[in-house]
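Reading through the structure tokens given below for one structure.
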Amino acid sequence: MLRTGFALLMLIGLVTQAIADVRAVHTVEPRSFGYFLGDLIERTIEIETGPDDEIVTASLPRTGPSNYWLELRSLAQSSERRGDGRLHTIKLTYQAFYAPIDPRKQTIPATEIAVRGPNGSETATIPPFTFVMSPLREIFPEKGGETAETFLRPDMAIPLRRAGGLRTAVLVAAGLAALFLVLLARDLAWWPFHRRPARPFSRAAREIGRALAKGGADGYRAALLALHRAFDTAAGQRLLAADVDRFLTAHPEYGDARTAVERFFSASRAAFFGDAQREAETGLPAAELKELAATLARQERGAR
Amino acid sequence: MIGQERVIRLLTIALFARGHVLLEGDVGVGKTTLLRAAARCVGGAYERIEGTIDLMPGDLVYHTYLAEDGRPRVEEGPVLRAGENLAIFFFNEINRARPQVHSLLLRLMAERSVSAFNREFHFPHLVVFADRNRVEREETFELPAAARDRFLMEILIETPSDPATRRALAFDTRFHDGDRLIGGLEESILAYDELNDVARAIQSEVKTSDALEQYVVNLWQAIRNPGDAGIEIPGVDTSRLVSAGASPRGLSYLVRASRVAAWLDGRTMAVPEDVRSVFFETMAHRIFFEPVYEMRRETIARELIDALFETVPVP
């Protein structure tokens, strides 16, 4: 006797474990009358199941047209623990497009939803929902002077929303943002507050090009002078030949051009103080002077 | 002399430029020793006199004493004693002498001649060396501007800052006895009576180009009106700094000294570096500041001349 009872209990346990456990299906339905063309019908379905069961998403009704007059607009699903089981809530929003000519019953058909348990599935049936739809107007216009124009209600006027306040706010905000950007740029020394580092050698390279294009002794001397002024600016003081070592120590970026720089200074000395123009031009031909300026300009750009 | 290479070079320049030199510095830095050494190397007659408050111009040219026979006698004083051969006249502690003495010295320096015994004495080879210490101000007489202007250079001697040199100066016994130190020098390595010709040759041989002449003129212009030249010194209104000075004589001295500097470097052309190397010593004492700035003269003069060379474009 005891053995038989134990076996029965085992069997019940097995059966309970084998399939999903749909315990109840509740529906919270809206009113069942007074619907017109285009009205929304919101249904809430609550399915109580066992703790490990879940709704099979594929079995839920699809959004979109359900039939020629009914469309499922949206479907929202949620799930939470309730007691020793789970409560699945499904919110269905339908829109009815049926245009009845007299009050008429319509029915949203029943749907079956699959619930998957740990070891199998069961179906929960959502019951059908029946409601009454009414026409918006009478079928035929009255004889008494009503025309097609007056028969239909005029279209609603398009609501005009004021955008002026918003626009003002946007403009003020943009103005403030621009002002703060300017202040920030000034603080961080961005352009245009960032004084562009002077590029004396780049400028000198251009001037030398122009001066040498003129040709002759004067052009060569003007080119030497242009490079002298560039050295002065770069050094922050007037640079004499005797200061070249100190200058190159302070500005190692020009160190590669040391021999050329020294030749430049000795050529300049010959041209300006030795009155030996030819000697100067032999020591540092115009082409090499131009090249030196270009090299220095390149090194200057590289160093910044 | 150790640690004073620059001073020695400047002194050499002064000798070859035939200019008078005023040494200035603290007590015991070797001013007198240096001048004595230079006098020994140049050769020729050498006379010295100590500046004192009761020194009178007559004491320079006349020597008065009672002879053995008891009668007063007047003979040539230190300046006249060696006659035309006087090569170096060394005036020690020049600021202790009175202005009367300075004025005599003025003539001696400018014209290389004095009147005594009712006639003119000429000293064609004369160079005046003077020194003064800048520590004491009591019982001293500041040199008049005219006298300072006649010195080619005013050289500031400072204690060497190099530690090794300082140690040697303190512990090396060679430097304890100045007389022996000078006695060990080779005498008369320069022919004093040829120096004038050499100087003339240097001045005619060493070229100054148009660019350099323009540069010197620009420097002159800028030192007279530092404000207009864009020279700025912190805490000084440069447009009201210089009241007078930088005389044309000073400028010609500057060019002379620059030529000698170029020649000593083995060049036949003067370059801006030469001008710069002698500018402070030849020009600083000729520039006179407004009274407000005169008290800070030493620092301002140095800053002004540094700024000058940083500002005036070369060439």
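Looking at segment B:231-248 only, could you name the residues that are assigned to a helix (DSSP H, G or I) and open to solvent by 20 Å² or more (accessible area, probe 1.4 Å)? Reasoning before the result, please.
Looking only at segment B:231-248, we keep the residues that are assigned to a helix (DSSP H, G or I), and these are B:238-240, B:248.
Hits for segment B:231-248 are B:SER239, B:ARG240, B:PRO248.
Mind listing whichever residues of segment B:198-211 are open to solvent by less than 60 Å² (accessible area, probe 1.4 Å) and within 14 Å of chain A (Cβ to nearest Cβ)?
Answer for segment B:198-211, where residues must be open to solvent by less than 60 Å² (accessible area, probe 1.4 Å) and within 14 Å of chain A (Cβ to nearest Cβ): B:VAL206, B:THR208, B:SER209, B:ALA211.
Just to be sure I understand, how many residues within segment A:47-64 are in a strand (DSSP E or B) and either within 34 Å of the chain's Cα centre (by Cα) or modelled with pLDDT of 95 or more (or both)?
1
Could you tell me which numbered condition B:ARG6 fails, if it satisfies all but one of (1) open to solvent by 80 Å² or more (accessible area, probe 1.4 Å); (2) among the basic types (Lys, Arg); (3) outside any helix (DSSP H, G or I)?
B:ARG6 satisfies all of (1) open to solvent by 80 Å² or more (accessible area, probe 1.4 Å); (2) among the basic types (Lys, Arg); (3) outside any helix (DSSP H, G or I) except (3).
With (1) surrounded by 14 or more Cβ atoms within 10 Å (Cβ to Cβ); (2) touching a helix residue (DSSP H, G or I) at 6+ places or on another chain (Cβ under 7 Å); (3) part of a loop (DSSP other than H, G, I, E, B) as the list, and A:ILE113 as the residue in question, which single condition is left unmet?
Condition not satisfied by A:ILE113: (3).
For segment A:253-279, give me each residue that is more than 8 Å from chain B (Cβ to nearest Cβ) and farther than 16 Å from A:ALA242 by Cβ.
Selection gives A:GLU253, A:TYR254, A:GLY255, A:ASP256, A:ALA257, A:THR259, A:ALA260, A:ALA271, A:ALA276, A:GLN277, A:ARG278, A:GLU279.
Has segment A:161-172 got at least one residue that is in a loop (DSSP other than H, G, I, E, B) and open to solvent by 70 Å² or more (accessible area, probe 1.4 Å)?
Let us first name the residues in segment A:161-172 that are in a loop (DSSP other than H, G, I, E, B), namely A:161-163.
Narrowing the set further to residues that are open to solvent by 70 Å² or more (accessible area, probe 1.4 Å) leaves A:161-162.
Taking every residue of segment A:161-172 in turn, at least one turns out to be in a loop (DSSP other than H, G, I, E, B) and open to solvent by 70 Å² or more (accessible area, probe 1.4 Å).
In segment A:33-45, what count of residues is obtained for those that are open to solvent by 50 Å² or more (accessible area, probe 1.4 Å) and closer than 30 Å to A:GLU122 by Cα? Talk me through it step by step, then tell me what you get.
Narrowing segment A:33-45 to residues open to solvent by 50 Å² or more (accessible area, probe 1.4 Å): A:33, A:36-37, A:40, A:42.
Going one step further and asking which of them are closer than 30 Å to A:GLU122 by Cα, we end up with A:42.
Residues meeting the conditions: 1.
Residues checked against (1) of a type in the set (Val, Ile, Thr); (2) within 22 Å of B:ILE88 (Cβ to Cβ); (3) within 14 Å of another protein chain (Cβ to nearest Cβ); (4) open to solvent by less than 40 Å² (accessible area, probe 1.4 Å):
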{"position": "B:ARG180", "(1), (2), (3), (4)": "no, yes, no, no"}
{"position": "B:GLU213", "(1), (2), (3), (4)": "no, no, yes, no"}
{"position": "B:VAL216", "(1), (2), (3), (4)": "yes, no, yes, yes"}
{"position": "B:GLY227", "(1), (2), (3), (4)": "no, no, no, yes"}
{"position": "B:GLY250", "(1), (2), (3), (4)": "no, no, no, yes"}
{"position": "B:VAL271", "(1), (2), (3), (4)": "yes, no, yes, yes"}
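Against the condition modelled with pLDDT under 75 and open to solvent by 30 Å² or more (accessible area, probe 1.4 Å), how does B:PHE175 come out, does it pass?
yes
Check off (1) acidic (Asp, Glu); (2) in contact with an Asp or Glu (Cβ under 7 Å, 6 or more places away or on another chain); (3) within 15 Å of B:VAL29 (Cα to Cα) for B:GLU154 and give me the number that stays unchecked.
(3)
Could you list, in sequence order, the residues of segment A:236-250 that are at negative phi, facing chain B (nearest Cβ under 9 Å) and either in a loop (DSSP other than H, G, I, E, B) or of a type in the set (A, V, I, L, M) (or both)?
Matches in segment A:236-250: A:GLN237, A:ARG238, A:LEU239, A:LEU240, A:ALA241, A:ALA242.
Please name all residue pairs, on different chains or six or more residues apart, with Cβ atoms under 9 Å, provided the first residue is in segment A:285-304 and is exposed (fewer than 14 other Cβ atoms within 10 Å of the Cβ) and the second residue is at pLDDT below 80.
Here the result reads A:ARG301/A:ARG199; A:ARG304/A:PRO197; A:ARG304/A:ARG199, each pair linking segment A:285-304 to a residue that is at pLDDT below 80.
Looking only at segment B:273-292, which residues are aromatic (Phe, Trp, Tyr) and within 14 Å of chain A (Cβ to nearest Cβ)?
B:PHE279 - this is the single residue of segment B:273-292 that is aromatic (Phe, Trp, Tyr) and within 14 Å of chain A (Cβ to nearest Cβ).
Scanning for something outside any helix (DSSP H, G or I), of a type outside the set (S, T, N, Q) and more than 14 Å from chain A (Cβ to nearest Cβ), does segment B:293-303 turn up at least one residue?
Yes: one or more hits.
The values are calculated or read from the model by the stated rules, or taken from the named source; none is laboratory data. None of these values were measured; they are calculated from a predicted model. Neighbour counts run over all protein chains shown; Cβ positions are idealised from the backbone, glycine included. The accessibility values were calculated without ligands, DNA or RNA, using every heavy atom of the protein model including side chains. Shrake-Rupley method; radii C 1.70, N 1.55, O 1.52, S 1.80 Å.
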